[in-house]
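Below: the structure, in structure tokens.
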Amino acid sequence: MKKDDFEKIESKWQNQVDIKGASKPFYNLMMFPYPSAEGLHVGNMYAFTGSDIYGRYMRLKGYDVFEPIGLDGFGIHSENFAIKNKIHPAKMAKKTQKRFYEQLHMIGNAYDWSKTLETYDSDYYKWTQWIFIQMFKRGLAYKKKSAVNWCSSCKTVLSDEQVEAGKCERCKTDVVKKEMSQWFFKITKYAGRLLKNLDKIDWSEKTKLAQKNWIGKSEGAELEFEIKNSKLQIDNKFQILNSVTVFTTRPDTLFGCTYLVLSSESKYIDILKNGIENWSEVEDYIKKAKAKSDLERTNEKTGVELKGIKAINPVNKKEIPIWIADYVLEGYGTGAVMAVPAHDKRDWEFARKFDLKIIPAVIPTGGSMTFKYPDVESGDEIGQRFDKEELDKIMQERAYVGEGKLVNSGEFSGMKSAEAKKEITKFVGGKLKVNYKLRDWCISRQRFWGPPIPIIYCEKCGTVPVDEKDLPVKLPKTDDYLPDGTERSPLARDENFVKTKCPKCGGEAKRETDVSDTFLDSAWYFFRYPCVDDKNEAFDKEITKKWLPVDMYIGGHEHAVLHLLYTRFVTMVFHDMGLIDFEEPFKKFRAHGLIIKDGAKMSKSKGNVINPDEYIEKYGPDVLRTYLMFIGPFKQGGDFRDEGVVGIERFLMTRVKKVVSKIINNKDDFEDISGQSTWIHRTINNVSKDIENLKFNTAIAHLMVQFDGKDGKPDWRGKMEFDGTFEDKKCDFIALEKFLILLSPFAPYLCEELWEMLGHKESVFRARWPELDESKIKDEKINLVIQVNGKVRATVEVDVEISEEEARKIAIEQENVKKYVEGKEENMRTIFVKGKLLNIVI
RNA sequence: GCCCGGGUGGUGGAAUGGUAUACACGCAAGACUUAAAAUCUUGUGGUCUUACGACCUUGAGGGUUCGAGUCCCUCCCCGGGCACCA
């Protein structure tokens, strides 16, 4: 097929949906690609094809399916690629856009090409900036100086979500902490809702779980530890610190708390300073800790004791030492922890290293272990009997982090952990507290290729958002765009850009020069698609009401905690602004698997990257699409193998195409047995169910089995001999049409062509998905499996409705059954599964 | 370390607790051909057996059940995610 033919067929599909008039809207969305690198990847095509098959299916089911595509071309990915190739990002964008759209035209998807968008288009990023301003106005965007993630290679800060195992998500450089003033979005305000709503949405379980873990809710208590130091109280006239608050999820282990640890950046340190006798040592440690990367911090536990001050354990009034250590994070909880080495792995390591006391406060309950644990105070043996070795293992080789029964805990000894948590918290006057791991979203980037943050700094009026009517704040046309690593965006070097007027007072002012994170671009694009032509607002209220939330969203699982969390946050903010009446952007989300090659992820360095172009040229889009879907379960992905493609080529081109066109061309020679076939209903049943569950591989297998008549059922088409003559010239033409509809989501071009040959003027995608006739898939005869003691000994063809009594009679007459049961009929009993099997138990 | 997936023929993979290995690739034999390719037909988990058939087999080991790839427990291996979150 030539390119012209593709286009001719594609034009028949009428992929443009009537946005305003659609009566059964169905929004079928796929994650838009980063158009960096050399072009469309076979991985992209895999995801898009699966999504498109679902979309085409829904369309055949009678829905008005909206299936848009666009490019996520702003941001570091694209910019780095441009820099590497020494081409201006804007020029590169033009090139990649052309290339991507050309390729996307070739893969046979039913895109609505009238609704494309690119995130670097100022008509788009105008509204990205508008969103920033709304966040600012609602107090959800704020600027704060703090230790942020800095990638020295990308020369920019990164969000927590973009740091993977201490390395930059993009370039794998070690990320360091840097004290910088940055813009943040207050996503933490939504932590509770982001977590709670997960129960309400139909998403892949593993994606929901990843989000749940990322949000990281933990319920515990805040407890106060009194600080003891006479000098402090005298010297600090104005600021007397008499307690430190810690957050813990294990108040039940409080009796085992043997020291207190503050983070090396702790806000408490300044206040405690005067009481610390070894200040120079402490100061030195703080300096060193600051210079460390996150990765270095996790390597080994370090810390230093704050000499001269002590804390009082509130539950037993014992004096305990205070340490600072970089294993305690300032950004979580209160930045101070009560250390219980017996029951916390990290505290245990630390205590072992610095020779601090380890006092068990909880022992496991149950089990058959027998050992009495000595009470620290009295020396009496208390608690349950445990096997010594077992307990040593639990208590001495490592911390016991599980729950159990309290020991060494005064009046609380013997109490179970769950109860003790409440009681001890109450006893020491602590308060219940919920903490989340989720941090605010660091949104500023010291780069060029992104939407400038629409903020103006005025000496008189302070931080002022750009007036909405002045949007977009366009990126200047400049060749001076390379990042310089100075903590400032290249835009800061552009005088004309920086200098501006204050929107409030009209005086001299300066623009913010950072651009926003590319994940903000993609956090709302699906709102824009149906409204891409709207010049007056980001999205139209009525249209949005009709089309959103998105009905089906398909994409990679790698975005579980990045993109998918941000979209949910932004959608919730829109909801709270009263713009929409839903909180969740995607009703249904499914993560697809990964296509690998030779057992490994495709990568240029391994030289195992599959370029879809070659295969499309060689086999055509239908074969490649269908093959990709046949490799394995869509949710799981699979291994791409060249040898596998021919199987699909044989099926589509040699069997379906040749046979069907032969029948159509010799229609008059065939006896029309329309309506007599039952095989088609079996196919309808299986293929519909499989597509709905995204089990495309088995859907294709069913299409093959039924088309080839391998099911043992009467062959609808007769047998076609190798020379192209038919053994049996009968054809169920209605079933044949239905078959083409069932196959069309997978092989749209081929089915369109054959559909036309059948005499249809309109596209196959204007047809309706065939209705299943349940009565046609009911078997009258079945092969009853006969087992003796669970082993298959025979199968007999019988009536489906056969009774146990009759089945039993037939069974014992079978030669191969007789020899096992003969003479033992007395002790025989049978298990009967109607229409399936009879198991004779002796 | 913790949390998810997964482990089935030579290969990719199928199997609501009910005939394990569908479908496809590969391989073998045959048909067509001067020949090859293409195409078509048949066969194809292992061991034993001329055959009928028997026994074994879903990472390992236990258990529940008339019956387990599927459910439960213990362990091993592979892939992915999180990573000092107290």
Total residues in the stretch A:143-164, condition over 17 Å from A:V515 (Cα atoms) and within 16 Å of RNA strand B (Cβ to nearest atom): 6
Count - residues of the stretch A:298-329 that are over 27 Å from A:I424 (Cα atoms) and not in a strand (DSSP E or B): 6
Where a residue in the stretch A:616-639 is in contact (Cβ under 8 Å) with a residue 40 or more places away in the chain and its partner, wherever it lies, is away from RNA strand B (no atom under 12 Å from the Cβ) and of a type in the set (D, E, K, R), with Cβ under 9 Å and at least six apart: A:L624/A:K618; A:R625/A:D52; A:F634/A:R590; A:K635/A:R590
Some residue of the stretch A:85-97 being exposed (fewer than 15 other Cβ atoms within 10 Å of the Cβ) and touching a His at 6+ places or on another chain (Cβ under 9 Å): no
Matching residues, the stretch A:396-425, being touching a Pro at 6+ places or on another chain (Cβ under 9 Å), surrounded by fewer than 19 Cβ atoms within 10 Å (Cβ to Cβ) and at pLDDT 90 or above: A:K422, A:E423
The lone exception for A:K535 - which of (1) of a type in the set (K, R); (2) closer than 20 Å to A:T119 by Cα; (3) modelled with pLDDT of 95 or more it fails: (3)
Residue selected from the stretch A:120-137 under the condition surrounded by 19 or more Cβ atoms within 10 Å (Cβ to Cβ) and of a type in the set (V, I, T), by the criterion farthest from A:F569 (Cα to Cα): A:T128
Matching residues in the stretch A:793-808 - criterion: being in contact with a helix residue (DSSP H, G or I) (Cβ under 9 Å, 6 or more places away or on another chain) and either farther than 15 Å from A:K781 by Cβ or within 12 Å of RNA strand B (Cβ to nearest atom) (or both): A:R793, A:A794, A:V796, A:V798
Qualifying positions in the stretch A:490-512 - under 20 Å from A:F74 (Cα atoms) and either aromatic (F, W, Y) or touching a Lys or Arg at 6+ places or on another chain (Cβ under 6 Å) (or both): A:F497
Verdict on A:G724 being under 19 Å from A:I777 (Cα atoms), within 11 Å of RNA strand B (Cβ to nearest atom) and at pLDDT below 90: no
Enumeration of residues in the stretch A:809-842 that are within 14 Å of RNA strand B (Cβ to nearest atom) and touching a Leu at 6+ places or on another chain (Cβ under 9 Å): A:A811, A:T830, A:I831, A:F832, A:G835, A:K836, A:L837, A:L838
The stretch A:204-230: number of residues that are more than 9 Å from RNA strand B (Cβ to nearest atom), over 30 Å from A:F589 (Cβ atoms) and not basic (K, R): 8
Any hit, the stretch A:294-306, residues being aliphatic (A, V, I, L, M), within 8 Å of RNA strand B (Cβ to nearest atom) and surrounded by fewer than 21 Cβ atoms within 10 Å (Cβ to Cβ): no
Wholly enclosed helices (runs of 4 or more DSSP H) of the stretch A:55-145 bearing at least 3 residues free of Cβ contacts under 8 Å to residues at least 24 places away in the same chain: A:89-106
Candidates A:L475, A:L438, A:L520, filtered to the one that is of a type outside the set (F, W, Y), surrounded by 17 or more Cβ atoms within 10 Å (Cβ to Cβ), in contact (Cβ under 8 Å) with a residue 24 or more places away in the chain and in a helix (DSSP H, G or I): A:L520
Single match in A:F184, A:F238, A:F247 (criterion: among the aromatic types (F, W, Y), at pLDDT below 90 and outside any helix (DSSP H, G or I)): A:F238
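To keep it simple, each residue is scored yes or no on (1) in a helix (DSSP H, G or I); (2) away from RNA strand B (no atom under 16 Å from the Cβ); (3) under 27 Å from A:K437 (Cβ atoms).
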position	(1), (2), (3)
A:Y529	yes, yes, no
A:N536	no, yes, no
A:G555	no, no, yes
A:V561	no, no, yes
A:Y566	yes, no, yes
A:F569	yes, yes, yes
A:H575	yes, yes, yes
Pairs where the first residue, in the stretch A:768-796, is under 17 Å from A:E815 (Cα atoms) and the second is more than 9 Å from RNA strand B (Cβ to nearest atom) and among the charged types (D, E, K, R), C-beta under 6 Å, 6+ apart: A:N783/A:E797
Residues of the stretch A:632-648 satisfying the condition of being surrounded by fewer than 18 Cβ atoms within 10 Å (Cβ to Cβ) and within 7 Å of RNA strand B (Cβ to nearest atom): A:G632, A:P633, A:Q636, A:D639, A:R641, A:E643, A:G644, A:V646, A:G647
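The values are calculated or read from the model by the stated rules, or taken from the named source; none is laboratory data. Please read all numbers here as calculations on a predicted model, not as lab measurements. Positions of Cβ are backbone-derived with ideal geometry, glycine not excepted, and every protein chain shown enters the neighbour counts.
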